[in-house]
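Worksheet for the structure shown next.
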Number of protein chains: 2
Amino acid sequence: MALTPWEQTAATKRQSVLAAIPEKWRIKGPIPSPTEQRDVTGPYIQQFLSPREIEITETDAVGITERTTTGQWTAVEVTEAFCHRAALAHQLVNCLHEIFFDAALETARVLDDHYTKTGKPLGPLHGLPVSLKDQFHVKGVETTMGYVGWINTFQGKTDDPRYLTHESELVKELRAAGAVLYCKTSVPMTLMSGETMNNIITYTHNPKNRLLSSGGSSGGEGALIALRGSPAGFGTDIGGSIRVPASFNGLYGIRPSVGRMPYEGAANSGEGQNTVLSVVGPLSSSARGLVLLFKTVLAAKPWLGDPGVLEIPWRDEIVEETRKLVQGQPEGLAFGIFYDDGLVKPQPPVERAMRIAAETIKSLGHKLIDWQPPSHQTAASIANRAYNLDGGADVLQNFALSNETIHTSVVIDTSGSPQKTALEIAALNVEKREYQKRYLDYWNSTAQVTGTGRPVDAVICPVAPHAACIPGKYATIGYTAFINVLDYTSVVVPVTCADRGVDVLGTEGREYFGELDRRTEGEYDADVFDGAPAGIQLFGRRLQEEKILVLAEYLGEKIRKASA
Amino acid sequence: MALTPWEQTAATKRQSVLAAIPEKWRIKGPIPSPTEQRDVTGPYIQQFLSPREIEITETDAVGITERTTTGQWTAVEVTEAFCHRAALAHQLVNCLHEIFFDAALETARVLDDHYTKTGKPLGPLHGLPVSLKDQFHVKGVETTMGYVGWINTFQGKTDDPRYLTHESELVKELRAAGAVLYCKTSVPMTLMSGETMNNIITYTHNPKNRLLSSGGSSGGEGALIALRGSPAGFGTDIGGSIRVPASFNGLYGIRPSVGRMPYEGAANSGEGQNTVLSVVGPLSSSARGLVLLFKTVLAAKPWLGDPGVLEIPWRDEIVEETRKLVQGQPEGLAFGIFYDDGLVKPQPPVERAMRIAAETIKSLGHKLIDWQPPSHQTAASIANRAYNLDGGADVLQNFALSNETIHTSVVIDTSGSPQKTALEIAALNVEKREYQKRYLDYWNSTAQVTGTGRPVDAVICPVAPHAACIPGKYATIGYTAFINVLDYTSVVVPVTCADRGVDVLGTEGREYFGELDRRTEGEYDADVFDGAPAGIQLFGRRLQEEKILVLAEYLGEKIRKASA
């Protein structure tokens, strides 16, 4: 059957991405099917790499910069190793939209020259490869954001002078800090999905379990970093799009509050929707990797390049205060916790991840209190209405550029619903503010029960009801979107992986919250999920990034040690 | 002719406000007409006051708290003096919506008891009377916000349990700091006007020149503080509503960036309009009075009571840095300046105020550069469209509650235009962000021309084309609304008063920018404007409150000394 024009365009683009992989890095022979070789991380991908490449790529972002900023490792060697591993990753799970290894190596050579001449690094990220979700514009390469209609255009516009020339503010700041940019990672069409699929690269699978999804919408980032094809990268999050892939891939990821990381000059869906905003944040294999990227971007004073960024530098004093609390000075920490949202009970691997986190907190002597906030279903409803204010007009316009088919896992209503009016939108904004106020009051009220004299320091909860998810079966954004409505800071901490021998459903029946709850339980299969990572969220109030990052590093480390 | 029902309701309310003034404080005999006695500040109002009352009420907010927090003055004595003077002010210029002197005196007695018992003040505002624009809810009194339809309701809702019981977050924080609340000040119907008029208290005249307006929408605050019926109070600003009354009344006033002062639990117009936001800020007779209120509110951690407030405490380090710059370390300051916006040339008193400010800056050895930013007309257009997104539906609903007549100086389109749709609103939000980006880039670019190695430290410009204004003749919000679109920090510094002997139009014709420019010049009359105050704006980037407050205090002091 002949391809339609959009299928042809997509196929050509898909081939061009593969063609950008040097011959020497192409996997020879067939790749085993997911049923034959579910997990392609670790030993599987290592078979294609030299010991030196493995050493470099399995060092975290902080470890790498410790070596590249002191001349122990060259930028070129590090860059080549990550380019090689990213190339393999893409061949295994379809996680890249753009490959620009030549430009990366040129950057690396310039950095090495700089170091040779001056004896100093260019900046704190000197020689660190950093991956970018395909919303950020990088000169010399396209941004398709998963739309076939954006191929060969600037955000769907032909003859726009910014095509192949424009760079997002974040990109400029990363370059100035010495980062090496080398690839852009896959996203779902519209960005509005808990999975990553589009008509260009098709589907991004989970490297730990290729039967499952890598999550979305920053699913390419999640998959690439899980395979150590990147030490750290930047995603975006409007309903869970950083946190879901972080959790599904065993990584750390932060959804900061609006205004801390620069979004200026990046592509987006639903531009100008101002009720629930998308934010930029890093994902990394280590908590300290998040801190490195976050601090470095703030050190660039992003508020001078992006009018949406708040002039709040990295606050070392909050780091110090939090470290004292961690050390039990004066009275230790108090955490809120909820295991389910009253709508969908998490499947066994997620439930176990939560129990591990709770036991770790208790064993460290910190307090744990039952979190009973204003209904998260209200928040999910606000979020869903915010995403759909324009009746899908924005995404339908972009689909219409190519007439491509729309994937069913897109959560935007594309049935042609009417746009909301100014008064309806204003009422939603008021509803959001009132919800935020009730939640804040609840948060403050916990000072009465924590025993520390303070409200809870943070709250832990699931990221999704499932560890990764079966393609097409992403259950709900109810565990993540409330954070976006509240504009709170949330960091995902990796905890465990699904284990078919342990994570089995109880044999006794239980009361279901409703149909979604029943269906979600029914979709659990201990065999299918085996190996899928499960993380938790650790969240704090608005603009609490420094505190929550410190707590995430602490808790993640303790969980890791407890599991070791 | 019989009164209509709404006229009757408004008259009853108007009488009840007057009736709340104790008999002993009522002005006996007729008040002279504005043509007989234009200026009712200073000696005119002093005739009704004792020397001790004059001493107290003509001390600024900082001077008062220095005495009330150390037991030199009692809260009761201070409160009584301001209640008396506020009562006189209202009788002279119609500046109050609510009078609650009994409650204030009760508060003052409690504060005095506290001081007697503990030897300590309750907080930094111990015993300081603070006036509030009639958007803030105070228990025991109404909030009409100038709508007849809100009389005997909570924001137009009958049987709402919050009626007479609810308090805004700011009100709670002020009480906790020891402030004494005693009156709420007049606003224009809809809040959307550069003058202050409504069908309840009619028109708030300018105390320095009762032929003219006190400005709007915080016009009651401006008039009351000009008459020293209040040392300091809080207004709100979405297009100039703090700055215009500050300038028209010879006061300091700050329009902070969104998120520094708490708006939670206050009434508003166009609730949920999220494109250009109204903000809360203080007005005061002194720059240090602004600082006192601003710092005190931040010390209350308003982000714990208002989800819209950013967790940015008062930043002493910025104060210190700025003071060093003021002292010429290392290279002094650089100011941008523009005398007109290319649309309307200011009338002679405003032009002279600008020249005084410019000469003062130059004489102090600081740099002054010609400000040529992205067009402010673009910003004014964005602001106007933001205010009218709902086609006037919000204000029309509130007018419909009583069927009251709509004053012609309301700047909202009430002709029944259609509401904007989600996509149109999104496009406006994008247009705003792009404008903010261009402006920020321009700001940064001035580092090339200031000679200080930095961009300009602040910019000075007019507040309006006129010093105060003839009722019904408010010319344009073009000098103020761009600040709201940019979300920049702007402080009004009082400079001079119109002088019929000096501020005369040139006899030679000039080229006009357009019809509005020609009309505005034509409306100038040196005799009519004589005595009207004229201030300037001093503005900085977003969230630069500490820096701009320091510069405003410095510049205001130097201007005052130069004029003395």
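The values are calculated or read from the model by the stated rules, or taken from the named source; none is laboratory data. The structure displayed is predicted, hence computed values, not measured ones. For neighbour counting, all protein chains shown are included, and Cβ atoms are generated from backbone atoms with ideal geometry for every residue, glycine included.
A few comments on the model shown:
- Meets criteria (part of a loop (DSSP other than H, G, I, E, B), at pLDDT 95 or above and over 27 Å from B:Thr204 (Cα atoms)) for B:Lys120: yes
- Filter result for A:Arg67 (modelled with pLDDT of 95 or more and either among the small types (Gly, Ala, Ser) or more than 25 Å from A:Arg26 (Cβ to Cβ) (or both)): yes
- Number of the exception - B:Pro22 against (1) closer than 30 Å to B:Thr405 by Cα; (2) of a type outside the set (A, V, I, L, M); (3) touching a residue at least 40 places away in the same chain (Cβ under 8 Å): (1)
- Filter result for B:Asp390 (among the acidic types (Asp, Glu), facing chain A (nearest Cβ under 9 Å) and under 23 Å from B:Thr476 (Cα atoms)): yes
- Entirely in the stretch B:458-564, the strands (runs of 3 or more DSSP E) that have 1 or more residues that are within 14 Å of another protein chain (Cβ to nearest Cβ) and either over 16 Å from the mean Cα position of the chain (by Cα) or surrounded by fewer than 22 Cβ atoms within 10 Å (Cβ to Cβ) (or both): B:533-540
- The set of residues in the stretch A:353-368 that are within 17 Å of A:Val326 (Cα to Cα) and surrounded by fewer than 18 Cβ atoms within 10 Å (Cβ to Cβ) comprises A:Ala358, A:Glu359, A:Lys362, A:Ser363, A:Leu364, A:Gly365.
- Filter result (of a type in the set (Asp, Glu) and surrounded by 20 or more Cβ atoms within 10 Å (Cβ to Cβ)) within the stretch B:441-457: B:Asp457
- Options B:Ser186, B:Ser168: the member that is farther than 25 Å from B:Trp25 by Cβ and surrounded by 19 or more Cβ atoms within 10 Å (Cβ to Cβ): B:Ser168
- Criterion (small (Gly, Ala, Ser), touching a Gly at 6+ places or on another chain (Cβ under 9 Å) and either within 30 Å of B:Gly220 (Cβ to Cβ) or at pLDDT 95 or above (or both)) met by exactly one of B:Ala358, B:Ala287: B:Ala287
- A:Gly365 falls short of the stated requirement of being small (Gly, Ala, Ser), in contact (Cβ under 8 Å) with a residue 12 or more places away in the chain and within 14 Å of chain B (Cβ to nearest Cβ).
- From the options B:Pro313, B:Pro348, residue that is under 25 Å from the mean Cα position of the chain (by Cα) and either over 30 Å from A:Gly259 (Cβ atoms) or crowded, with 16+ Cβ neighbours inside 10 Å (or both): B:Pro348
- Residue within the stretch B:119-138 that is small (Gly, Ala, Ser), more than 22 Å from B:Val280 (Cβ to Cβ) and under 26 Å from the mean Cα position of the chain (by Cα) present: yes
- Residue that is nearest to the other protein chains (Cβ to nearest Cβ) [pool: residues in the stretch A:394-408 that are assigned to a helix (DSSP H, G or I) and surrounded by fewer than 16 Cβ atoms within 10 Å (Cβ to Cβ)]: A:Gln397
- Long-range neighbours under 6 Å by Cβ, at least six apart or interchain, first residue more than 11 Å from A:Val528 (Cβ to Cβ) within the stretch A:201-214, second buried (at least 24 other Cβ atoms within 10 Å of the Cβ) and of a type in the set (D, E, K, R): A:Ser213/A:Glu195
- Each residue in the stretch A:305-315 was checked for being more than 8 Å from chain B (Cβ to nearest Cβ) and either in contact with a Lys or Arg (Cβ under 6 Å, 6 or more places away or on another chain) or among the basic types (Lys, Arg) (or both), and 2 of them qualify.
- Residue check for B:Ala11: touching a Leu at 6+ places or on another chain (Cβ under 7 Å), in a helix (DSSP H, G or I) and surrounded by fewer than 20 Cβ atoms within 10 Å (Cβ to Cβ): yes
- So A:Val180, is it within 14 Å of another protein chain (Cβ to nearest Cβ), in contact (Cβ under 8 Å) with a residue 60 or more places away in the chain and more than 13 Å from the chain's Cα centre (by Cα): no
- Among residues of the stretch A:409-457 being in contact (Cβ under 8 Å) with a residue 60 or more places away in the chain, in contact with a Pro (Cβ under 6 Å, 6 or more places away or on another chain) and facing another protein chain (nearest Cβ under 9 Å), the one that is nearest to A:Gln327 (Cα to Cα) is A:Trp443.
- Among the residues of the stretch A:298-310, the one identified as buried (at least 23 other Cβ atoms within 10 Å of the Cβ) and touching a Leu at 6+ places or on another chain (Cβ under 7 Å) is A:Pro307.
- Test result for B:Gly391, closer than 17 Å to B:Glu271 by Cβ and part of a loop (DSSP other than H, G, I, E, B): yes
Rundown of residues vs (1) surrounded by 16 or more Cβ atoms within 10 Å (Cβ to Cβ); (2) in a helix (DSSP H, G or I); (3) of a type in the set (D, E, K, R), yes/no style:
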site: B:Ile56; (1), (2), (3): yes, yes, no
site: B:Val76; (1), (2), (3): yes, yes, no
site: B:Arg85; (1), (2), (3): yes, yes, yes
site: B:Leu105; (1), (2), (3): yes, yes, no
site: B:Asp112; (1), (2), (3): yes, yes, yes
site: B:Pro124; (1), (2), (3): yes, no, no
site: B:Ser131; (1), (2), (3): yes, no, no
site: B:His137; (1), (2), (3): yes, no, no
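- Wholly enclosed helices (runs of 4 or more DSSP H) of the stretch B:191-304 bearing at least 3 residues touching a His at 6+ places or on another chain (Cβ under 9 Å) and within 14 Å of chain A (Cβ to nearest Cβ): none
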